[in-house]
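Trainee: Before we start, here is the structure in question, set down as structure tokens.
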Amino acid sequence: MSHHIIEVNNLQYTYPDGTRALRGVSFRIVHGASVAIVGANGAGKSTLLLHLNGYLNPTDGSVRIGDLPVTKKTLKYVRRTVGMVFQDPDDQLFMPTVYDDVAFGPLNLGLGPEDVDTRVMNALSIVAASHLKNRPPYKLSGGEKRSVSIASVLSMSPDILVMDEPTSDLDPKTRRELIELLKTFEHTKIIATHDLDMVLDLCERTIILHKGQITADGPTVEIFQNEALLAESRLEQPLRMQSCPVCCRST
């Protein structure tokens, strides 16, 4: 399954205004892994994700999906293999109806009407959103938009699922439902997030980014147990790993 492997080598990126967002990032992710990318605001998480399917091109270094480098010539293959769920669903949903949004990708693959319909209804069923198929996206709740944006990626049958802050702006019940849904996916998952409790539920490996550089890469629980390491990157332990201030209050 080498075609599912992601390799990032000495990735560097500087925005046109001169801001250096990534400073020599390197890692390798194998097929079926669930990996979290965590860090404070401005650490470079979203910038990194946008390189994984060619939305941004490196200033230096490289990204490979399997045996192919991510370049303009390989974008069609890369974007079929790596499905990207953006932080803001409104950046992803733009068609008149939910059905049209989820069908957009398969139609662009050149599939026939029956195959497109099968993919759309299957993807909506996976995220429990079949009942929304005729709704305009702008009339959906935040959680519904998130589900539909995931369905629009799943309809492309990607091997790798990349998600940017998937639980942001979700109420507790919808957040829990999304986590339980993501547990069922067999895809390789790469999730950039501030939600470290979600990371404990989903990701066996965590990469910490700080000021565009990797400061830690290893088993999630080991990294989250290192409070000094987290503090250096302006992070705190997940809430359920912290001592309860009420239970631990001296009497």
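Laboratory data are not the source of any read-out in this text; all were calculated from the coordinates shown. This is a predicted model, so every value here is computed, not measured. FYI the Cβ positions are ideal-geometry reconstructions off the backbone, even for glycines, and counts take in every protein chain you see.
Trainee: In the chain, if the dipole is taken from +1 on Lys/Arg beta carbons and -1 on Asp/Glu beta carbons about the Cα centre, which of Met84, Leu48, Pro113 is farthest to the positive end?
Mentor: Result: Leu48, furthest along the dipole toward the positive end.
Trainee: Step by step: find N for segment 23-106, compute 2.2 N^0.38 Å, then divide the Cα radius of gyration by it. What's the final number?
Mentor: Values: Rg = 14.5 Å, N = 84, 2.2 N^0.38 = 11.8 Å.
Relative to the 2.2 N^0.38 Å estimate, segment 23-106 comes out at 1.22.
Trainee: Pairs Lys72/Lys189; Lys45/Lys183; Lys73/Lys211; Lys45/Lys72; Lys73/Lys139; Lys145/Lys211: which are spaced more than 27 Å apart, C-alpha to C-alpha?
Mentor: Going by Cα-Cα distance, Lys73/Lys211; Lys73/Lys139; Lys145/Lys211 fall outside the 27 Å limit.
Trainee: Out of every Cα-Cα pair in segment 137-186, what percent are more than 17 Å apart? Don't skip to the end; give the middle numbers.
Mentor: Numbers: 420 of 1225 pairs.
Everything past 17 Å amounts to 34 percent.
Trainee: Related question: Which one, Val199, Leu229, Thr174, projects farthest toward the positive side of the charge dipole computed for the chain from Cβ point charges (K/R +1, D/E -1)?
Mentor: Leu229
Trainee: A follow-up question, please. For all pairs of alpha-carbon atoms in segment 194-244, what percent lies in each bin of width 5 Å, listed from the first bin to the last filled one?
Mentor: In whole percents, the pair-distance histogram is 5, 21, 35, 27, 10, 2, 0.
Trainee: Stretched out fully, how many nm does the piece from Gln12 to Glu227 gain, at 0.36 nm a residue minus the Cα gap? Walk me through the intermediate numbers first.
Mentor: Values: separation 215, 0.36 × 215 = 77.40 nm, distance 2.80 nm.
That pair, Gln12 and Glu227, stretches by 74.6 nm at full extension.
Trainee: Using helices alone, I'd like the mean residue ellipticity at 222 nm for the chain: each DSSP H run of four-plus residues gives -39500 (n - 2.57), total over residue count, nearest 500.
Mentor: On the way: 9 runs with 84 residues, N = 251.
Computed ellipticity for the chain at 222 nm equals -9500 deg cm²/dmol.
Trainee: Contact order normalised by length for segment 157-224, with contacts defined as Cα pairs under 8 Å and 6 or more residues apart; what percent is it?
Mentor: On the way: 69 pairs, mean separation 19.2, N = 68.
That works out to 28 percent.
Trainee: Sequence gap at least 6, Cα distance under 8 Å: using those rules, report the relative contact order of segment 116-230 to the nearest whole percent. Intermediate values should be presented prior to the final figure.
Mentor: Values: 105 pairs, mean separation 20.8, N = 115.
Relative contact order for segment 116-230 comes out at 18 percent.
Trainee: Expressed as a rounded percentage, what relative contact order does the chain have, with Cα pairs under 8 Å and six or more residues apart?
Mentor: Working: 454 pairs, mean separation 62.9, N = 251.
Across the chain, relative contact order equals 25 percent.
Trainee: While we're on this one: I need the Kirkwood Rh of segment 109-216: take the reciprocal of the average 1/r across all distinct C-alpha pairs and report it in angstrom. Write out the running numbers ahead of the final one.
Mentor: Working: mean 1/r = 0.0655 Å⁻¹.
One over the average 1/r among Cα pairs gives 15.3 Å for segment 109-216.
Trainee: Given the alpha-carbon gyration tensor of segment 77-151, what are the semi-axes of its equivalent ellipsoid in whole angstrom, ordered largest first, with each equal to the square root of 5 times an eigenvalue?
Mentor: Values: eigenvalues 68, 44, 23 Å².
In descending order, the three semi-axes are 18, 15, 11 Å.
Trainee: OK, next. So, counting K/R as plus one and D/E as minus one, what does the shell of residues with Cβ under 13 Å around Leu107 add up to? Before the final figure, lay out the partial values.
Mentor: Details: positive: Arg119; negative: Asp100, Asp101, Glu114, Asp115, Asp117.
In short, -4.
Trainee: Continuing with the same structure: In 10 Å bins starting at 0, how do the alpha-carbon pair distances of segment 57-118 split up by percent?
Mentor: 18, 38, 33, 11, 1
Trainee: Next up: Can you give the local net charge around Arg240? Use residues other than it whose beta-carbon is closer than 13 angstrom to its beta-carbon, Lys and Arg +1, Asp and Glu -1. Can you show the working numbers first?
Mentor: On the way: positive: none; negative: Asp195, Asp197, Asp201, Glu236.
With Lys, Arg at +1 and Asp, Glu at -1, the neighbours total -4.
Trainee: Something else about it: What does the net charge come to around Gly212 if you take all other residues with beta carbon closer than 12 Å to its beta carbon, with K and R at +1 and D and E at -1?
Mentor: Local net charge: +4.
Trainee: Which whole-Hz couplings ³J(HN,Hα) result when phi for each residue of segment 58-69 is put into the Karplus expression 6.51 cos²θ - 1.76 cosθ + 1.60, θ = phi - 60°, listed in order with x for Gly and Pro?
Mentor: x, 6, 7, x, 8, 10, 10, 10, x, 8, 10, x
Trainee: Can you give the alpha-carbon Rg of the chain over 2.2 N^0.38 Å, where N counts its residues?
Mentor: Details: Rg = 18.8 Å, N = 251, 2.2 N^0.38 = 18.0 Å.
Taking the Cα Rg and dividing by 2.2 N^0.38 Å, one obtains 1.05.
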